[in-house]
Each structure stands twice: as C-alpha cells, then as structure tokens.
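The values are calculated or read from the model by the stated rules, or taken from the named source; none is laboratory data. Note that the structure is a prediction, hence the values are computed from the model and not measured. When we count neighbours, we look across all protein chains shown, and the Cβ atoms used for this are built from the backbone with ideal geometry, even at glycine.
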Amino acid sequence: MLVPLRYNFRSLLVRRSGTLLTVLGIAATVAILAGVLSLEAGFRTLFSESGREDLVVFLRPGSTNEGDSIWRRDVADRLVKTLPEIRRGADGRPLASRECYLAVLRTRIGGGKTNVPVRGVEPASFDIHGDGVRIVAGRRFRPGADEVIVGTKLVDRIRGCALGDVIQLNTTPLNVVGVFESEGPYTSEIWGDLDRMQAALVRPFPNRVIALLDPGTDVRALAKRLESDKETPAKAQTEREYLAAQTGALSATLLTLGGFLAVVMGLAAIFTATNTMLAAIASRTHEIGILLACGFRPLAVFLSFLGEALVLGLLGGALGCLIVVPLNGLETGATNFNTFTEVAFAFRVTPEVLAKAVIFSLVLGLLGGAAPAWRAARLAPVAALRRQ
Amino acid sequence: MGEPMIRLSGVSKSYRRGGETLTVLDHLDLAVPDGAFYALMGPSGSGKTTLLNLVGGLDHADSGEVVVAGTELGALDGRDLSRWRADHVGFVFQQFNLLSVLTALENVELPLLLAPLSRKERRDHASHALELVGLADRMHHRPGQLSGGQEQRVAIARAVATDPKLILADEPTGDLDRRAADQVLDLLGQLHEKFGKTILIVTHDPLAAARAEKTIHLDKGKLDRVETRPPSPGAPSRPPS
Amino acid sequence: MNKLIRRSLLRHPVRTLLTIGSLAVALFLLCFLRSLVTTLEAGAAAANQQRLWVQSAVSLFVDLPLSYQGKIDGVDGVKGTCKWQWFGGYYRDQTNFFAQFAVDPEPLFAMWPEVEIAAGSKEAFLADKRACIVGEGLARQFGWKVGEAVPLIGALFQKADGSAWDFQIAAIYRAGRPTVDDRTFFFHWDYFEETMKEAMGETPQVGVFVIELEPGAAAPGVMASVDALFENGPQRVQTTTEAEFQRQFATMFGNVPRLISFIGGGVLLAILLACVNTMLMQAREQLREIGVMKALGFSDGAAALFLLSQSLLLVGTGGALGIGLALLTQRGIAGFLSRFFPGYAVQPLTLAAAIGVTAILGLLAGAVPARLAERTRTVEAMRPH
C-alpha cells in the first residue's frame, strides 16, 4: 500500500518557506537551462528550417561556408551556363545566380562595431527565392545601379540601414532603396547588384552559386559527380543542408555552455533539495514512525518521500518554465562563428525545450530526494516513535 | 526580613489565542521572602508557568507590579532585562534545555560568558558547580551521553554557576524517574539550606512540593490557598481542584 | 562562543557540507563567468597608447596592398610600422587551432616590449628567415622546444607544391601584458612573401599595419592623416587606437556578455535562496536553544549575532572554496577555452568582487533567521512541542 500523495502535499504546505525557497532555487536553475536551450533552438530554427530542398548551393570544393569559398569567375560562369540540371525560367535563361559575399564592418546603433554580410546577387536571385524574399518597403535595386536593399533585422540595429540612407562601402556610396523580409538568416544581410558589389568591394570573384534544379534531380548524385568534375569542380548541397551546417559552431558552443551550466547549477540545486528533504524528514521522524507502525512498508515510505521530492522538482520546473516563456520571440544578436557575422534571431521556447526543462527538474528532484527518502525508509519504527 | 525577594502586587496577564482572550493571571498578590523555598502547584492552565516566567523576567505583566531582588521588572526593557536575568536568576527547566552540541562543562560555562571573568575563572566556577552536583567526572560528556537525571543536575549546575540569589525551577522532576527526581530535589534542598538560595519551583509532584517550606496553590489565575505545613511524604495529597 | 557556532554548524554535517558545496559551486561559477567577460575586455583595458592599428575600413576579411607601408611610414608622427598577416594554418590536425602571424621581425621586438624572450634568443629569430617565435602557452601545449622544427599546413595560403610550410622555433616568449597572448606563433613576413610570390605569381597583401608613434605625436592627427592617404582607394583604411582595435573583437561577441551577466544573476539568486533556506532550517531547530540562551541572560542582539555568525562562517567557507577552485582551475580552463577566449584569467578585481559577494550573501542569509531569533519570544521558544 502506498502512502497517499496528499500527505506529501500537506507537508510541503506546512513547511512553506523551505518549500518555496527550494522551488525557487530549482526554478532559477531550470530557467537558465531553458533560456540557453531556447536561444539555441531559435538560432537553429532560423538556419535549418528556412532552407529549401530544391535550391542548391554550390561552393568551391573544400570550403565550408561562403566566406571561405572563393570561385574563379570563369568556373562559376561555366557552371551556370553548362550544368544541364539547372531549371530554365520563362525567358529560357537558367534560374541560377552567382553571388559574392563579404562580412563588412558596420557600426551598431547602440555603439560598437559588428560584421554585417553584404551579398551581391544577380537578377535571377529574386525569381529563385520567389516568396522567400519579399520587399516590405521601397523597391528592389536596379541592376547595375549603386543601390542596395537591407534585411528587416538590420534596420533598427545597424546605423545607416534605414530606407533612404546611404551606405558607404569602401569608396562607393550606395543608396538604400528597399527593405526586405525573409524567414532565414538573409534578414540580417545587405543585398545589392553582383557587379556593383564586386566593384565596390574590389573583389572580382563570386563566392557561391545558387540554382533551382529540374524537378526530380538527385542532388546527391549531382554532388558526387561535381566533386570530381574537371571543368566545374564544386561542392553541391541543398540550401537546407548548407544552412544546417552553418549552425554547427554556435550551436555547439551554446549547447556546451548550457550543459556546463546545467550540470554545475544542477549540482547546487540537488544539494539544496537534499537539504530540504533531510530537514523535512528530520522534523517528521515521529510521523514516519507512526506510518511504519501502522504497517506501511519501508518501500512505501521511500516512494512517498521520493514522490515529495519529485513534486518539489516539478514545481520548480513549472516555475522555471513560466519564467522563460515570456522570452519567446525576444530578439537578440549572436555571432555566427562560421562566418564571424552577427545574426539576429529570436528566443524560441519550443515544447521540446520545455519538455527538456521539466525532465531536468524531475531529475533534480529525484537526485535530491533519493538519499533522504532512503534514510526515511530505513528508520526503525520504535526509535522513530520515541523521537519528538 | 525586610523587602521580600519576590513581591507581586495586583499582577494580571492574559493571552489572545484565536479570537478569545485568555486570562492567565488575575490580580495576583504574592510575596516570597529572601532565602525561602516555595513550591507552586495547581492544575494545568492555572498560571504557574506564566507566574514563573514573570518572576524570571522572561515576560512582562499586563498590569500590576513585579518586584524581584529589589528591581521592578516592568521598568526594564529587553536588553536590561537580559542583563538582569544573567545577574540574578538561575533557571531549571522540565526538559533540561541543555545545548546538545556543548559538553556538560561548556553548558555550565555558558552563562558565565556574560560575566566579566577570565577564561580560567570561568572554567573554575563551572567545574566547581559540577562538583557541587556530583558530576565532576562527567564534565566532558555531551548531554546525549548523560542520563536524564544527570542532565538535570548539569542544568542545576548551570543555574547556580553565576551564583544567583534566586533559582526558578519549572517542573524540574517532571521528566525524571523517582530516584533521579529525589537526587535533584536533594540538590535543590542543599542549595536552599547550605547556600541560602531563594527557590521557587513549579511542580505537579506532591513529593517535590513536600520539600518546600510553603506550597502556594494557584487556580484560574488566582491564589487558591497557601499550605505552610507540607503534607507528610507518602500521604495522599489533596487532588487539585 | 566560537565553539558553539562551529559545533552548531556541525550538528548536521551533511546539510552543512551540501550547503558549502553548493556555495563553492556558485562562487566558482561566478568567478568563471566574470572572468570570461574580463578576458574579452582585457586587451582593450591594457592597450598601448603608442600603437595604432591600420585595417581595411570595409571588412576584417579584406587585406591591404603591400605598397601602403611606405606611404604610412612617410606620415608625420609615425616612427615605424609593422605588417601583420593572419596565416590561418594548422599544426598536424585541423583541430590544433592557434593564431599565426607573418610579421616584420625587427619591429615586432621594437614595438612590443611585452614580448619577452623566455627561451632561445631574439638574434636567432632575426637571423633565420624560416625561424619562428612561439608563446609559452603554445610551447607547453605541444611540448615544443627551442630548435625544434614545426611544419604548418597552410589552409588559406598554400605553397606552390602544396607541401607544408617549414618553420624552426628560434625562441619562446612570455606575454608580459595581456595585449599579447601567450598562444601566438610569429614568423618572418619575408618568408611568407617569397613563398606566396612563387605560388601565386603576385605579391601577397597585408592584413593590418601597426604604427608606432613618435614620442609626443598626437594620435588623432596621425590617424586622420593615414585615413586621408587612402581616401580615394583602392582600399580605404580605418586607423584606430589599440584599445579601439581590441574592443571591436569584444563587441563582436554581441550580447554574450549581457547573457553571461544574466546567468550570473540567476546563479546568485538560486544560491542566496539555498543559503537562506539552510539558515532558516538551522534557526528553526535552534529556536529552543536560542530561547535557553536568552533565558540565561543573553540579549536579543547576541542571539541574532549567534545565527549571523553561523551564516557568515558557512557562506565564508563555501565562498572561499569556490574562489579557490576558480583559481586552481584557471590554467586548465585557459587551455580549454583558448580558441574563443584567449588569455582567460581570473583578475584580482574579480576575486575582490567574489569576496564581496560572499560577504553579502552571508549577511543576507544570516539576516533573515537572525531577525527571527531576535524577535522570538523566549517563552514561546522554550514551550515544549
């Protein structure tokens, strides 16, 4: 027979201040873990979920990101013109765009410098992205003109990125003629005409090529073929794969940080929970004697106190989640360690994050409660009854 | 005898419990002369312990005057009252109330910390007090390692360590068996006879009360009657009304 | 009295140990987190006033023409310049990451007195074009000795035949100030330039030029003149003080410092709660004893002090352990984090702050139960339960 859980709830209520302090301690620990996890979730979602499966990114073989990837112009041209799998638009031209990419130093509106990606694209880019890139203010830049459009996330964070402002790149002033929106990391970028960007940055080479492929093309087979291609050697991957690979370093850092904090703070929280449960049991030794004398088995007493510790953990977990939920959607910036550029993204308190947080809190309760519950179960009934 | 050691005039005390007011002491008058050994008896709730607390300066009366060892306690604030207790009163409790983490000797030394004494003097006073209660060989034991009777004797040693004139004991034998109780009562008797201490003990035990010169019976916060002649040991005592 | 405080804490050895343990963990964490932030800012804080850094105004990833050096040398107030080029190679395996720079050898020593030779000699480095000088931290990590040959694989800059670049360690340096970290690998610009000319057929470009000011020269004037030199291209430059140059790397971490402070706050709060909890338990159990002490004539203040001292002793012990732990692990962590936080160190100010935090925690955790003890009425404390 099990000791009714009601008994434990009442006990927690009676020892209000101890219960509350322990719950708050667990909550703070859980909130920190959940906060870091939702940061990671936000970052990962931004990159991996915005990538498309039918859009292929070609990099120079051996490079992992477009910052490293430097193409010879003729090779990139040949790839766009000759690759048979590339889909053709209504006008018969390939739906492919060569792009140049550079992280440029810009000033934050709050002060301080940061790296902002500048991307030079060809007109086909807009056809390729379709609804993926939408102008929300102003208009697109004109091909060949010294004009740029900026991602929505830059407008309020980076100086000179409002509609009508002028962005100076090296010796070239560029007019901001539009603001665009996108689901992916493009919203933290400045886009302009490929030729004009290359001229302004004095970098006469493209960094990557993107293209839409004919429906049904096997991207893996294509990647394999291009890997050892003599004419146009390239590393081909879907946009989704490419973006997912970009999150590696920062995700790993955040997960390491989160894991480290969870272990260290969790240790402290377990200590506190153990203390609270030990005190609870010490002050209820007499009652435990009564329970045992009534015929409850030691296992029932053990489970009862373990249950009480789990309730403590759960309350802390629930409170921790409540603390973190308002963070959902909060914008922040972080450095993508792959390209050393700053990306803006939002905390995402996903059900998965919350589930992890709650499980973590239960583990804290379990580890904190196990030793005291064991002690309670092993009390000799007669001795326990004698204690006041 | 001039001024009595304890003089209560018109003392009232009530507590609020829940919504109602409970009158514990009701215009009580009482005098205990210097060097006397009085017992205080009465049914539960008759105000014995409250009376003892007032005399010991642990609590203030609502009205009336409590003069102990020449001091009107109502006029003292918390801080002065603490110092006054340290100088004038020794307490003995039913549950001994020794500090479990300290040895017998250190427990007895505790009140001496409040007196301007050197370390050595403190130690001497404390071991002397322990010798007096016959526990010189147990001075380095912790309370947990002593029997109930021994614990209470340590408590008595603690009460007399500062050499106060007045010793207040609340059910000192309540938790003890007969033999231990007798030892404790013998000790209190000695303190009274040999050292001229004024002793006031609250008790339910007629045999304990029998040691006193006078037994004061309280009932419902009022003085019921005073027996000057203690009932002879073993005789059935009047059941408390 | 001291004995009573100590023994009271030891009445529940498990509880006391657990509380001390969580305190140690918390204080360690605070020192660690704070040190991350100070490490980010250390370079800027220690910056040298006599050095200016010339970088591309456009991007960190854009190099400058070699011809700029002569023009910068001609500016009034410039005593000398030194080229720095990020090499970005690796030793044996790609995971062996550390900073390597091709530099002008003489100016390196003239302009960075904090690069102090610990083993080998300056002369040996200057004499041999393929010589390199490495920091103590790096030498320790790879077990390098003076005279040892170290091949580096060029990830960004490949030799014509694709083979590894050969270097020989001529000296090991000690970092005298945080402006230089002790995990850097310096080698001759000339070796770099010759090899790249052979491989690419053109002169390589320079990452940054560092200017040494003439004594008494005004930095703002020199900065403006250098920037003006290249106003019309081909690459605009941005000349900054060393402090500003270092700071831009710190600000690149964006919200990380704020995030870290936020986490630190959470840690503090959790631990404060845990300590108050322990002290309340402690106080509740000692209520009767505190009553006894008061009956014996101890004042309310003495009773409060009794609990407060317990709290201070408890928290002090835990805090001291945590701070000690932070100091002990300093070197290990520095090695582990060298990639993102080179030069991780626990600053004296961090230690002082940690000691302050410990004291405040002890007072706060003691204040609540002390107040309880002070206000407890003696009579109630001793009432049998």
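Checking C:V115, C:V134 one by one, the residue that is under 21 Å from the mean Cα position of the chain (by Cα), at pLDDT 90 or above and under 15 Å from C:A170 (Cα atoms) is C:V134 and no other.
Considering the stretch C:239-250 alone, what residues qualify as being crowded, with 18+ Cβ neighbours inside 10 Å and under 25 Å from A:L169 (Cβ atoms)? Answer for the stretch C:239-250, where residues must be crowded, with 18+ Cβ neighbours inside 10 Å and under 25 Å from A:L169 (Cβ atoms): C:T239, C:T240, C:T241, C:F245, C:Q246, C:R247, C:Q248, C:A250.
Scoring A:G130 on the criteria (1) without any contact (Cβ under 8 Å) to a residue 40 or more places away in the chain; (2) part of a helix (DSSP H, G or I); (3) on the phi < 0 side of the Ramachandran plot leaves a single failure, condition (3). Do the conditions hold for A:V349, that is, is it in a loop (DSSP other than H, G, I, E, B) and surrounded by 22 or more Cβ atoms within 10 Å (Cβ to Cβ)? Yes: the conditions hold for A:V349. Within the stretch A:262-278, if we keep just the residues that are in contact with a Pro (Cβ under 7 Å, 6 or more places away or on another chain) and within 7 Å of chain C (Cβ to nearest Cβ), the residue that is surrounded by the most Cβ atoms within 10 Å (Cβ to Cβ) turns out to be A:T274.
Which members of the stretch C:1-16 meet the condition of being more than 7 Å from every other protein chain (Cβ to nearest Cβ), in a helix (DSSP H, G or I) and of a type outside the set (D, E, K, R)? Passing the criteria: C:N2, C:I5, C:L9, C:L10, C:P13, C:T16. For the stretch B:173-227, filtering for residues that are part of a loop (DSSP other than H, G, I, E, B) and among the small types (G, A, S) leaves 5.
Being more than 13 Å from C:F185 (Cβ to Cβ) and in a strand (DSSP E or B) is the filter here, so list the residues in the stretch C:154-169 that pass it. The one that is more than 13 Å from C:F185 (Cβ to Cβ) and in a strand (DSSP E or B): C:D166. Looking only at residues in the stretch B:140-172 that are part of a helix (DSSP H, G or I) and more than 19 Å from B:H128 (Cα to Cα), the one that is modelled with the lowest pLDDT is B:G144. Consider C:F249 carefully, then state whether it is over 19 Å from A:L261 (Cβ atoms), modelled with pLDDT under 80 and hydrophobic (A, V, I, L, M, F, W, C). Taking the combined requirement at face value, the residue satisfies it. On the stretch given as the stretch A:51-95, residues that are of a type in the set (G, A, S) and in a strand (DSSP E or B) total 0. Is it true that C:T241 is in contact with a Leu (Cβ under 9 Å, 6 or more places away or on another chain), within 27 Å of C:F98 (Cβ to Cβ) and among the hydroxyl-bearing types (S, T, Y)? For C:T241, the condition - in contact with a Leu (Cβ under 9 Å, 6 or more places away or on another chain), within 27 Å of C:F98 (Cβ to Cβ) and among the hydroxyl-bearing types (S, T, Y) - is met.
Selection of the stretch C:229-252 for residues being in a helix (DSSP H, G or I) and at the interface with chain A (Cβ under 7 Å from one of its Cβ atoms) yields C:Q248, C:T251.
Just the residues that are closer than 28 Å to C:A303 by Cα and at pLDDT 80 or above, please, taken from the stretch C:9-49. Once the filter is applied, which keeps residues that are closer than 28 Å to C:A303 by Cα and at pLDDT 80 or above, the stretch C:9-49 yields C:P13, C:V14, C:R15, C:T16, C:L17, C:L18, C:T19, C:I20, C:G21, C:S22, C:L23, C:A24. In summary, B:S82 fulfils each of the numbered conditions (1) out of contact with any Gly (no Cβ under 7 Å at 6 or more places or on another chain); (2) buried (at least 16 other Cβ atoms within 10 Å of the Cβ); (3) at pLDDT below 85 with the single exception of condition (1). Taking (1) free of Cβ contacts under 8 Å to residues at least 24 places away in the same chain; (2) out of contact with any helix residue (DSSP H, G or I) (no Cβ under 8 Å at 6 or more places or on another chain) in turn, A:L105 satisfies each apart from (2).
Candidates C:R288, C:R236: the one that is buried (at least 16 other Cβ atoms within 10 Å of the Cβ) and modelled with pLDDT of 80 or more is C:R236.
Comparison of A:D131, A:D146, A:D77, A:D68 shows that the only residue that is more than 14 Å from chain C (Cβ to nearest Cβ) and either under 25 Å from C:A155 (Cα atoms) or in contact with a Ser or Thr (Cβ under 9 Å, 6 or more places away or on another chain) (or both) is A:D146. More than 14 Å from chain C (Cβ to nearest Cβ) and not basic (K, R): does that describe A:G316? No: the conditions fail for A:G316. Determine whether the stretch A:36-50 contains at least one residue that is away from every other protein chain (no Cβ under 13 Å), out of contact with any strand residue (DSSP E or B) (no Cβ under 7 Å at 6 or more places or on another chain) and assigned to a loop (DSSP other than H, G, I, E, B). Yes. Which residues, counting only those in the stretch C:334-356, are crowded, with 18+ Cβ neighbours inside 10 Å, modelled with pLDDT under 90 and not polar (S, T, N, Q)? Residues satisfying the conditions are C:A334, C:F341, C:P342, C:G343, C:Y344, C:V346. Just one of (1) in contact (Cβ under 8 Å) with a residue 60 or more places away in the chain; (2) surrounded by fewer than 19 Cβ atoms within 10 Å (Cβ to Cβ); (3) part of a loop (DSSP other than H, G, I, E, B) fails for C:V62. It is (2). Listed by first and then second residue, the pairs linking a residue in the stretch C:196-220 that is under 18 Å from C:W112 (Cβ atoms) and assigned by TED's automatic domain parsing to the domain that holds C:W112 to a residue that is surrounded by 12 or more Cβ atoms within 10 Å (Cβ to Cβ) and among the small types (G, A, S), with Cβ atoms under 8 Å apart and 6 or more places separating them unless they lie on different chains, are C:I211/C:G80; C:E212/C:G80; C:E212/C:A110; C:L213/C:G77; C:L213/C:A219; C:E214/C:G77. Against the conditions (1) outside any loop (DSSP other than H, G, I, E, B); (2) more than 21 Å from the chain's Cα centre (by Cα); (3) surrounded by 22 or more Cβ atoms within 10 Å (Cβ to Cβ), C:Q69 satisfies every one except (3).
Return the total of residues in the stretch C:257-313 being in contact with a strand residue (DSSP E or B) (Cβ under 9 Å, 6 or more places away or on another chain), within 14 Å of chain B (Cβ to nearest Cβ) and assigned to a helix (DSSP H, G or I). The number of residues fulfilling the criteria is 2.
Of all the listed residues (C:A218, C:A283, C:A274), the sole one being under 30 Å from C:D104 (Cα atoms) and of a type in the set (A, V, I, L, M, F, W, C) is C:A218. Residue selection: C:F192 fails the criterion of being of a type in the set (F, W, Y), within 17 Å of C:R130 (Cβ to Cβ), in contact with a Gly (Cβ under 9 Å, 6 or more places away or on another chain) and in the same structural domain as C:M111 (by TED's automatic domain parsing).
Checking each residue in the stretch B:52-79 for being more than 21 Å from B:P172 (Cβ to Cβ), assigned to a loop (DSSP other than H, G, I, E, B) and at pLDDT below 85 picks out only B:D77.
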